[in-house]
Amino acid sequence: MSSFAPQRRVSVVGLGYVGLPVAVTFGRTDQPVVAFDIDKRRIAELTDGHDRTGEVAAPDLFAQGLRFTAEPQDLQAADFHIVTVPTPIDASNTPDLEPLRRASTTLGKVLKKGDIVVYESTVYPGVTEDVCIPVLERASGLKWKTDFNVGYSPERINPGDKERRFDNILKIVSGDTAETLDIVDALYKSVVKAGTHRAPSIRVAEFAKVLENTQRDINIALINEIALISDRLGIDTRDVLEAAGTKWNFLPFKPGLVGGHCIGVDPFYIAHKAEEVGYHPHVIHSGRRVNDSMGVYVANRVARSIMRRSHDGRPRVTVLGVTFKENVPDIRNTRVVDIVRELQDFGIVVQLHDPEADSDLLREHYALELTPLEKLQPADAVVLAVAHTCYREGGWDVIKPLLRAAAFVADVPALLDRKLTPKGVTLWRL
Ligand SMILES: NC(=O)c1ccc[n+]([C@@H]2O[C@H](COP(=O)([O-])OP(=O)(O)OC[C@H]3O[C@@H](n4cnc5c(N)ncnc54)[C@H](O)[C@@H]3O)[C@@H](O)[C@H]2O)c1
């Protein structure tokens, strides 16, 4: 079975942070890969050798077998389809499965007997079998397990991480039958050097993924809560963490803003399913509440400190970094926006700087503009919000020229050397 599986022709549906590296990795084998996205602009850029997510370099986009397309009909050339479309939440934090339904409809229309569809998008247990498969059956007129098969293999890719890549992260695989699992397993094993873990069912594989991110969310929430308590006690959280970290089984989580489309979103997926089956998840919701409140807390801390001082005109704050994590252009669901909005609510002028962020998307999604470093006016406070390498390496040399006298610096990721704090400046760390 395993020698036969790699001969399958792969398609990837949805070429974002997750899908593109998957398509490119299969493309490196020189097997034909249909790389499909509904976003024509994205397809045009990729065909020209440009990946705006910064995950894949141009030479890899020109791999021989790789074919970028926005034409659903082209998917017919493949018989092993990998779905990597977004699974966001809506304004009321409810899972939005529309992109998955649409992608399943598109695939259903081209599905042939013998095809396999593997979902990689993060979902709660049951989505593949209860939501996606009925859509595939309806759109194709084919019968599940008789005419086509389905698998689920959650993605663990970590955008911006140049070491842990698609091909060296162990991959969970699952299938609707033992035979499907063998094929799915063999196909991924042919490109993922780190190997695979065969989950006993699709639901287990789905649950494992949301658990991974929910566990991170809760662990960070606990440390954020400790940071809120430390601040009230006048104790530096990082000193406490350093001391506690000397114990052999202490887990090294840090306080911070939890944004993006995974850790801040996936717990809502599992919470939604839990409520559907009659359980209200207290710990998961509490963690989300604490983490979602951190941006406002930081802003209040900054506002309080600068409001006490006298000003000529409106106080001004510079925020450094707006992406949801360091060294990526991704601004989706960034909690830095909470800091900006809250400060503006106080009547404070906010200047925003970020050399990594996608400025078009920032304008489109949040109506926010970036200011180049040399155009930043001296500010009453600087919020170092994201640990981009340029801020980490620049340290106080970047910050000092941005400050008015007696300024306040909020160092959210604790990047700055405390010992080098300039005279008259107040340094606060989360
Ligand atoms: N980015 C991560 O760090 C990460 C890590 C692990 C898992 N995931 C999960 O992987 C999935 C994809 O996430 P992402 O970050 O790559 O999303 P993304 O927004 O970067 O990319 C999704 C792509 O899918 C395309 N798309 C949307 N609907 C489509 C459709 N019907 N047909 C074809 N293409 C369509 C979009 O145009 C976009 O290019 C999500 O479920 C996410 O939770 C993401």
For a label point 7 Å along the Cα-to-beta-carbon line of Q7, residues of the stretch 171-201 with backbone N under 16 Å
183-184, 186-187
Out of all Cα-Cα pairs in the stretch 10-200, roughly what percent, to the nearest whole number, are more than 29 Å apart?
16 percent
Of the listed pairs K162/K193; K171/K273; K209/K325; K145/K189; K247/K400, which have alpha-carbon separations greater than 26 Å here?
K247/K400
Determine by what factor the alpha-carbon radius of gyration of the stretch 282-407 differs from 2.2 N^0.38 Å, reporting the quotient.
1.06
Where nothing but the Cβ of Lys and Arg (+1) and of Asp and Glu (-1) is charged, how large is the charge dipole of the chain around its Cα centre, in debye to the nearest 20?
820 debye
Relative contact order of the chain, please, whole-number percent, based on alpha carbon pairs below 8 angstrom and at least 6 residues apart.
11 percent
The chain - percent of accessible surface contributed by carbon and sulfur, probe 1.4 Å:
53 percent
Working with all protein chains in place, sort V296, V265 by solvent-accessible area computed with a 1.4 Å probe, largest first.
V296, V265
R418 accessible area, 1.4 Å probe, all protein chains in place, Å² to nearest 10:
110 Å²
What order do K400, K193 take when sorted by accessible area (1.4 Å probe), most exposed first?
K193, K400
Note to self, the chain gives a 222 nm [θ] from helices alone (DSSP H runs n ≥ 4, -39500 (n - 2.57) apiece, / all residues, nearest 500) of -11000 deg cm²/dmol
Pseudo-spin-label distance A406 to A91, built 7 Å along Cα→Cβ, given in nm, is 4.3 nm
Can you give me the C-alpha center-to-center distance between the stretch 270-338 and the stretch 49-117, rounded to a whole angstrom?
31 Å
For W144, W396, W248, give the ranking by accessible area with the largest first, probe 1.4 Å.
W248, W144, W396
Checked the chain against the a/c 1.5 cut and the a/b vs b/c comparison, axes a ≥ b ≥ c from its Cα gyration tensor; verdict prolate
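Quick check on packing: order 197-203, 212-218 by the mean number of other C-beta atoms within 10 Å, highest mean leading.
Packing order, densest peptide first, comes out as 212-218, 197-203.
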Computed label-point distance, nm, for sites Q64 and D30 using a 7 Å Cα→Cβ extension:
0.4 nm
If the only charges are +1 at each Lys and Arg Cβ and -1 at each Asp and Glu Cβ, what is the size of the charge dipole of the stretch 245-404 around the Cα centre, to the nearest 20 debye?
760 debye
Could you give the radius of gyration (one decimal) and Dmax (whole number) of the Cα atoms in the stretch 349-400, in Å?
11.6, 32
Between D358 and residues 5 or more places away or on another chain, which pairs have amide H atoms under 5 Å apart, with H built 1.01 Å from N, and which residues are they?
I331
Options G195, G49, G259, ranked by Cα towards positive dipole end of the chain, top entry (Cβ charges)
G259
Counting only DSSP beta bridges with both residues in the chain, what percent are antiparallel, rounded to the nearest 5?
5 percent
Per residue, in Å², the accessible surface of the chain once ligands and nucleic acids are set aside, probe 1.4 Å:
45 Å²
Calculate the FRET efficiency for E163 and Q76 from the Cβ-Cβ distance with a Förster distance of 56 Å, rounded to the nearest 0.05.
0.90
Relative to the longest principal axis of the chain, what angle (0 to 90°, nearest 10) does the C-alpha long axis of helix 282-292 take?
60 degrees
For the stretch 10-200, whose charge dipole is built from +1 on Lys and Arg Cβ atoms and -1 on Asp and Glu Cβ atoms, the candidate among A77, L15, T122 with its Cα farthest towards the positive end is A77
Two pseudo-spin positions, 7 Å from Cα along C-beta at R232 and at T105, lie apart in nanometres by 5.0 nm
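The values are calculated or read from the model by the stated rules, or taken from the named source; none is laboratory data. Since this is a predicted model, take the numbers as computed values, not measurements. Backbone-built Cβ (ideal geometry, glycine too); neighbour counts: all protein chains shown. The protein model used for the area step is the full one, side chains on, heavy atoms only, and it has no ligands, DNA or RNA in it. Shrake-Rupley method; radii C 1.70, N 1.55, O 1.52, S 1.80 Å.
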